[in-house]
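The values are calculated or read from the model by the stated rules, or taken from the named source; none is laboratory data. Note that the coordinates shown come from a computational prediction; the quantities given were computed from them, not determined experimentally. Cβ placement follows ideal geometry from the backbone for every residue including glycine, while neighbour counts extend to all protein chains displayed. Accessible surface is based on the protein model in full, side chains and every heavy atom, while ligands, DNA and RNA are left aside. Shrake-Rupley method; radii C 1.70, N 1.55, O 1.52, S 1.80 Å.
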Amino acid sequence: MSLPEIAMNKGYVCHLNPLCKCGVYSVLCTAYTEDNVGKIFFSCGSMEVNIANRCDFIMWFGDVELIGWAKQLVMHLHKSCNDFESKLIATRNELAIQKEEMQSLSVELVKTRTELDLNLTDKTQSLEFIKSEMKKLSMGVYDVWNVICGKN
């Protein structure tokens, strides 16, 4: 049985579960294979930690077997959950990409604003210099006018 064909029912690992061949408490799982859909079983407890080192321990829990429409419903719900999980992962990946793009744009915006602030400061200083030069020039023109008019 492969991992996509079983679902871990987290929270059902306890000291009452039988020990598997690894000496670890087994995990309560639900089968989603065509033949055993919906059946509950215990599986190697190491599978949550290290899939490569798990043993082949399986112990069926009870004799409940789904038939007919119930089997089809469970398979349909399992497929729907897998589809939803795939879409969720894709959405999370898209959000991560958009977050990176937003952070990049934010850095670019700060850099542009800093450049604009520096340009504005330069322009303001240039304007102040021009005003002071014009004031000096106008004072000089005023003095010349007074000399021409004989007021000095």
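When the solvent-accessible area of the chain is split by element, carbon and sulfur atoms take up 61 percent of it, the probe being 1.4 Å. Ignoring lysines fewer than eight residues from LYS151 along the same chain, the ones with Cα atoms less than 24 angstrom from its Cα are LYS135, LYS136. Based on a Kirkwood Rh over C-alpha pairs, give the Stokes-Einstein translational diffusion coefficient of segment 87-128 at 4 °C and viscosity 1.567 mPa s in µm²/s. Rounded to a whole number, D works out at 103 µm²/s.
Pairs of Cα atoms in segment 70-152 fall into 5 Å distance bins, from 0 up to the last occupied one, in shares of 3, 11, 7, 8, 6, 6, 6, 5, 6, 5, 5, 4, 4, 4, 4, 3, 3, 2, 2, 2, 1, 1, 0 percent. The H on the amide N of PHE61, modeled in the peptide plane, is under 5 Å from the matching H of ILE40, PHE41, PHE42, each at least 5 residues off or on a different chain.
For the peptides 130-142, 65-77, the ranking by mean Cβ contacts within 10 Å, running from highest to lowest, is 65-77, 130-142. Straight-line cross-link partners of LYS71 among the lysines, defined as a Cα under 26 Å from its Cα and at least 8 positions apart when in the same chain: LYS10, LYS39, LYS79, LYS87.
Accessible surface for segment 64-128, divided over its residues, is 92 Å² per residue with a 1.4 Å probe. Only the Cβ atoms of Lys and Arg (+1) and of Asp and Glu (-1) were treated as charged; on that basis the dipole of segment 29-152 about its Cα centre amounts to roughly 820 debye.
For helix 68-149, what angle does its Cα long axis make with the longest principal axis of the chain, in degrees from 0 to 90 and rounded to 10? For 68-149 against the chain, the angle is about 10 degrees. Out of every Cα-Cα pair that the chain contains, those further apart than 23 angstrom amount to 67 percent. In segment 110-152, one over the average inverse separation of all distinct C-alpha pairs is 12.7 Å, which is the Kirkwood hydrodynamic radius.
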